[in-house]
Every structure is written in C-alpha cells, then in structure tokens.
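A quick write-up on the structure given underneath.
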Amino acid sequence: MNKKITYGSIDEYISTFAPEVQDILQSIRQVIKEAAPDAKEKISYQMPTFELHGNLVHFAAFKHHIGFYPAPDGVEAFKEEIKPYHTSKGTIQFPIDKPIPYELIRKIVLFRAARNTEKANSKKVKKKS
C-alpha cells in the first residue's frame, strides 16, 4: 500500500530534508516573510505556500533543485532575470549546487504581493459599485 505523505506545517515539511537543504528552505521562507509580512503560511499541494489574497508563491525542494512557483505572471514579469534557470509556465528551478538568488526571489514576491493586492482591491471596488 502506497501511503501519501502529508505535511501539517512548513516546519514539518522543511524538517524532512538534509540540513543544508533545510537552510536554503528556511532562507527562502524568511525572504518571503520579509517581502510579504501579511502573507499567511500554509501547506498546499504538499508544498510550503504563502497566500495573500489568494496564492502568492509556493516552493519545494527536489533532489537537484529548489522549485519556486510564483504563478505564470511572476515568471513572465522576470523572464530576463530568470534566463539562467530552467523555467516553465509557472515555475523556476534553482539548482541546489549553485547560489540561490534570494534578492530575485524577494523581487518576485514583492511583485506577486502587489498584483494580488491590486486584484483584491479592484474586486472590492467592483462590489461597491
């Protein structure tokens, strides 16, 4: 029988990795918290997730990379800066054996937080009219 692992918290998720990967994950988490202090932490799709007026970003560790999921608009808006990394529609892969671009992660989170807040505010305005 194949029992699916489920995580109750981001701390629980991070604790399952080797210490050097835990350090990277905690650093990414800290960058996100600083860039979007009002965002709430949760586990979604079995990954650490931050939400602010909806999903903000997800991140996850894999054997050779950290997956960072800022949604398609977060990838598109930074397409020049993320050229060195493997990407797909809503994903950026940062190799574990190379320095993690924390400043780039911070900029993407700030962008996503602004976009989500803007969308939430425009919905409020529509409801009032």
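Using 0.36 nm per residue of separation minus the Cα-Cα distance, give me the extension gain between Arg106 and Lys63 in nm, one decimal. Don't skip to the answer; put the middle values down first.
Details: separation 43, 0.36 × 43 = 15.48 nm, distance 2.33 nm.
Value of the extension gain: 13.1 nm.
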I want the local charge near His58. Using Cβ-Cβ distances under 12 Å, sum +1 for each Lys or Arg and -1 for each Asp or Glu among the other residues.
+1
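Report the gain in length on full extension from Lys126 to Val21: 0.36 nm times residue separation, minus Cα-Cα distance, nm rounded to one decimal.
Details: separation 105, 0.36 × 105 = 37.80 nm, distance 4.41 nm.
This chain segment gains 33.4 nm when fully extended.
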Straight-line reach from Lys107: which aspartates and glutamates fall under 12 Å, measuring Cα to Cα and dropping same-chain residues less than 8 apart?
Glu34, Glu81
I'd like the Karplus ³J(HN,Hα) series for the stretch 22-33: coefficients 6.51, -1.76, 1.60, θ = phi - 60°, whole numbers in Hz, and an x wherever there's a Gly or Pro.
4, 4, 5, 4, 5, 5, 4, 4, 5, 4, 5, 4
Show the residues, 5+ positions off or on another chain, whose built amide H is closer than 5 Å to the amide H of Leu56.
Phe50, Glu51
Rounded to whole Hz, the Karplus (6.51, -1.76, 1.60) HN-Hα couplings of the stretch 37-44, x for glycine and proline
x, 8, 5, 9, 8, 7, 9, 9
Would you list the P(r) distribution for the chain, with all Cα-Cα distances sorted into 10 Å bins from 0 and each bin expressed as a whole %?
12, 43, 32, 10, 3, 0
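Counting trypsin sites (Lys or Arg not before Pro) as exposed when in a DSSP loop with at most 16 other beta carbons within 10 Å, what is the longest stretch of the chain free of them? Can you show the working numbers first?
On the way: sites that count: Lys3, Lys4, Lys63, Lys79, Lys89.
With trypsin sites (Lys or Arg not before Pro) excluded where exposed in loops, the chain gives 5-62 as its longest stretch.
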Sum -39500 (n - 2.57) across every DSSP H segment of at least 4 residues in the chain, then divide by the residue count to get the 222 nm mean residue ellipticity, nearest 500.
-13500 deg cm²/dmol
Which of Ala60, Leu104, Gly90 sits closest to the plus end of the dipole of the stretch 10-121, meaning its Cα is farthest towards the positive end, when Lys and Arg get +1 and Asp and Glu get -1 on the C-beta?
Gly90
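Rounded to the nearest 20 Debye, what is the dipole magnitude of the chain about its Cα centre when Lys and Arg each give +1 and Asp and Glu each give -1 at the C-beta?
On the way: 21 positive and 15 negative charges, 164 e Å.
That gives a dipole near 780 debye.
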Acute angle (nearest 10 degrees) that the helix 102-128 long axis makes with the longest principal axis of the chain, alpha-carbon atoms:
30 degrees
Residue by residue through the stretch 68-73, what is 3J(HN,Hα) from phi via Karplus (6.51 cos²θ - 1.76 cosθ + 1.60, θ = phi - 60°)? Round to whole Hz and write x for glycine and proline.
10, 10, x, 6, x, 5
Would you grab the residues whose amide H sits under 5 Å from the one on His65? Only those 5+ places off in sequence or on another chain, please, with H modelled 1.01 Å from N.
Ile96
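Each value in this text was obtained by applying a stated rule to the coordinates, not by laboratory testing. Values in this document were obtained by computation on a predicted structure and should not be read as measured data. Note that each Cβ is placed from the backbone with ideal geometry, even for glycine, and that neighbours are counted across all protein chains shown.
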